[in-house]
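Right, one structure below, let's go through it.
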Amino acid sequence: MKEEILKLVKLNNGIITTSQVEKAGFLRVYLKTLVDDGLLVREKQGVYADPGIINDKFYIFQVKHPNAIFSYETALYLQGIDSDKTEMIDVTVYTGYNTHRFPKNIRSHYIKKELLDYDVIEVKTEYGNVVKCYNAARAICDIVKTEYKDDEYENVTKALNNYFRSDLYNEKSLISCANKLNCYKKLNYTIGVNYLANKFTIN
């Protein structure tokens, strides 16, 4: 029985719930045995995980919430542009998505459903698990188009500087994304790079 449950865990991206175990015809008591044997970790009530992924908060969160895309500074961090690993995690979901089950350290952003999957890429976390986030240009555009308090603009400047110094900086991708998200003028104003307007035709 224990071996069969572990197979289910593997098929389910390293996570399994009590209800999934019972639906498969197994007794939930086997989960406790697997935890006692060190083969599973109780992530929270009713949710168990492979010990190999328990520290990967990005992967665990997205397995539970596959419609949430890592964005803003979190997307930059996952791509190696921002080295600061903060407790707060930025995710974007479509407008109307129910986020009441998100942990307290999740900062939710909302966008039209048709734009949710625009510029989504897959990256590996530090633990080697694959998650979805926005590419660097999209993350920058999201940051720029957001209204911040005066004491938060230092983070905006830092994100921009890190992006422009990185190997992922791509003018065409940035311009294309800014037009798609209707924030080109604000982007141009914020970064003060007027030559972008001269090098590309804005439709």
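Data for the structure
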{"read-out": "Degrees between helix 136-145 axis and first principal axis of the chain (Cα, 0 to 90, nearest 10)", "value": "70"}
{"read-out": "Extension gain (nm, one decimal) between E4 and N67, 0.36 nm per residue minus Cα-Cα", "value": "19.8 nm"}
{"read-out": "Of K7/K113; K7/K44; K44/K186, pairs whose Cα-Cα distance is over 32 Å", "value": "K7/K113; K44/K186"}
{"read-out": "Computed [θ] at 222 nm, deg cm²/dmol, the chain (DSSP H ≥ 4; -39,500 (n - 2.57); rounded to nearest 500)", "value": "-11500 deg cm²/dmol"}
{"read-out": "Taking the C-alpha atoms of segment 1-116, convex hull volume expressed per residue in Å³", "value": "125"}
{"read-out": "Potential extension, K112-N179 segment - 0.36 nm per residue separation minus Cα distance", "value": "22.6 nm"}
{"read-out": "Matching label, Rg and Dmax of the Cα atoms in Å computed from the structure shown, candidates [x] 21.2, 71; [y] 17.3, 54; [z] 20.2, 67", "value": "[z]"}
{"read-out": "Per residue accessible area in Å² of the chain, where ligands, DNA and RNA are left out and the probe is 1.4 Å", "value": "59"}
{"read-out": "Where labels lie 7 Å past Cα in the beta-carbon direction, separation of K57 and I121 in nm", "value": "2.4"}
{"read-out": "Sites R101 and K172, calculated FRET efficiency, Cβ-Cβ separation with R0 35 Å, nearest 0.05", "value": "0.35"}
{"read-out": "Nitroxide proxy distance, nm - points 7 Å out along Cα→Cβ at K23 and T146", "value": "3.3"}
{"read-out": "Rounded percent of accessible protein surface that carbon and sulfur make up, the chain, 1.4 Å probe", "value": "48"}
{"read-out": "Two-decimal ratio, segment 57-158, of alpha-carbon radius of gyration to 2.2 N^0.38 Å", "value": "1.01"}
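The values are calculated or read from the model by the stated rules, or taken from the named source; none is laboratory data. Since we're looking at a predicted model, the values are computed, not measured. As a convention, Cβ positions derive from the backbone with ideal geometry for all residues, glycine included, and neighbour counts pool all protein chains shown. With ligands, DNA and RNA removed, areas are computed over all heavy atoms of the protein, side chains included. Shrake-Rupley method; radii C 1.70, N 1.55, O 1.52, S 1.80 Å.
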